[in-house]
Amino acid sequence: MISQDELTQLAALARLALDESERATLAHDLDLILDYVDQLKQADFSQKVRPFPPKVLRLNLKESENVLREDGEPHPPVASRQFKVKAVFNN
């Protein structure tokens, strides 16, 4: 359980102005988070779990196949997209 001093220090570091109800809510939420972290610390992660069989993750692509768009110029050059100042003032 987080102490009131720790909560006050945490709120000051985060630059939070909390009233009493917000302090109570934050203390409760932080206790839940810290309890969950404790549960994760106790979990056994020594076994490697493969959620999907390896064949599912493979893509059926030929090694030389390009899955991206063809190279080319997708937009006109920058100069053609800009207006010409002299032409604007001459009209």
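The values are calculated or read from the model by the stated rules, or taken from the named source; none is laboratory data. In this text the structure is predicted, and so the values were computed from the model without any measurement. Don't worry about glycine lacking a Cβ; one is built from the backbone with ideal geometry, like all the others, and counts go over all protein chains shown.
Any residue at all in the stretch 2-16 that's part of a loop (DSSP other than H, G, I, E, B) and at pLDDT below 90? Lay out the reasoning, then the answer.
Filtering the stretch 2-16 down to residues part of a loop (DSSP other than H, G, I, E, B) leaves 2-3, 14-16.
Then keep just the ones that are at pLDDT below 90; that gives 2.
Looking through the stretch 2-16, at least one residue is part of a loop (DSSP other than H, G, I, E, B) and at pLDDT below 90.
A search for C-beta distances below 7 Å between a residue of the stretch 26-52 that is without any contact (Cβ under 8 Å) to a residue 40 or more places away in the chain and any residue that is surrounded by 10 or more Cβ atoms within 10 Å (Cβ to Cβ) and assigned to a helix (DSSP H, G or I), counting only pairs 6+ apart in sequence or on different chains, returns L26/L7; A27/L7.
Restrict the check to the stretch 45-56 and report whether at least one residue is assigned to a helix (DSSP H, G or I), charged (D, E, K, R) and at pLDDT 90 or above.
Of the stretch 45-56, the ones assigned to a helix (DSSP H, G or I) are 54-56.
If we keep only those that are charged (D, E, K, R) as well, we get 55.
Then keep just the ones that are at pLDDT 90 or above; that gives none.
For the stretch 45-56, residues assigned to a helix (DSSP H, G or I), charged (D, E, K, R) and at pLDDT 90 or above: absent.
Do you know which residues across the stretch 1-25 are free of Cβ contacts under 8 Å to residues at least 12 places away in the same chain and of a type in the set (G, A, S)? Answer for the stretch 1-25, where residues must be free of Cβ contacts under 8 Å to residues at least 12 places away in the same chain and of a type in the set (G, A, S): S3, A12, A14, A17, S21, A24.
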